[in-house]
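Note sheet for the following structure.
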Amino acid sequence: MSDWIQVRGLVQQGYGVASGKAGNPRFPHGTLAMQKAFFREQGLNLEEYFLGTLNLSIAPYRYEVRKAKYTFRNVKWSVNDPAEDFSFFDCQILTPTHKRLSGLIYYPHPETKPEHFQAPDVLEIITSFISDLKYGDALTLEVDRQQMDIAPCNEVRT
């Protein structure tokens with residue numbers, strides 16, 4: 001049985017490369033559009049989700065990776081960049097209108113990611129498109145404690 005943790009987060013502006021919004025010619029339709037076939041080949045189908053990430057700051061909390069639902073190693077998804085490792089974690093988003101959306105936390109491993117790093121309190125969420133969402137909006141994130149933990153930044157772990 002899953003043990004879900006709730007944390008409030010604020011929508012932050014991201015780099016726009018996951019969705020292609022940034023207009024980067026290396027990723028014309030976005031990095032997720034380029035990566036999804038590689039993930040599907042390894043058992044993760046992203047077709048039901050919007051191909052962009054929702055960047056959610058959970059400050060003053062931090063997250064701790066425990067056991068990902070999916071981890072893919074050495075994914076060579078771009079001819080111009082080195083292979084990367086990716087993990088995905090189950091999550092749910094509660095919108096301001098109390099709609100519950102299933103999603104995944106998208107976690108390119110920082111040690112293999114060449115650029116576009118996130119702040120330590122920012123999680124990248126893949127979910128359904130949420131209309132009328134604005135930067136600064138508050139959302140509630142639920143994560144499975146078996147996959148990821150959330151704790152105050154000043155909490156000491158033993």
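Throughout, read-outs are computed from the coordinates displayed, never taken from laboratory work. This structure is a prediction, so every number in the text was calculated from the model and none was measured. With ideal geometry, Cβ positions are generated from the backbone for all residues, glycine too; neighbour counts draw on all protein chains shown.
Per-residue Karplus couplings for the range 47-52, computed as 6.51 cos²θ - 1.76 cosθ + 1.60 with θ equal to phi - 60°, are listed in order as 4, 7, 9, 5, 8, x Hz, Gly and Pro entered as x.
Extending 7 Å from the Cα toward the beta-carbon at both Cys153 and Arg73 defines two label points whose distance is 3.3 nm. Evaluating 6.51 cos²θ - 1.76 cosθ + 1.60 at θ = phi - 60° for every residue in the range 60-65, the Karplus couplings come out as x, 9, 9, 10, 10, 5 Hz, glycine and proline recorded as x.
Specify whether the C-alpha gyration tensor of the range 29-141 places it in the rounded, prolate or oblate class, a ≥ b ≥ c being the square roots of the eigenvalues: rounded for a/c under 1.5, otherwise prolate if a/b is larger than b/c and oblate if not. It is prolate, given that a/c is not under 1.5 and a/b is the larger ratio. When Glu84, Glu64 are arranged by Cβ crowding within 10 Å, least crowded first, meaning fewest neighbours, the order is Glu64, Glu84.
Please state the charge dipole magnitude for the range 30-127, taken about the Cα centre, from unit charges on C-beta atoms (+1 on K and R, -1 on D and E), reported in debye and rounded to the nearest 20.
Numbers: 11 positive and 12 negative charges, 61 e Å.
Here the size comes out at about 300 debye.
Here the gap between Ser102 and Ala83, fully extended at 0.36 nm per residue and compared with their Cα-Cα distance, gives a gain of 4.0 nm.
With 27 Å as the limit, the listed pairs Lys67/Lys134; Lys69/Lys134; Lys36/Lys69; Lys76/Lys99 have Lys67/Lys134; Lys69/Lys134; Lys76/Lys99 beyond it between alpha carbons. Each residue, Ile5 and Leu133, gets one label point 7 Å from its Cα in the Cβ direction; the gap between the two is 2.1 nm.
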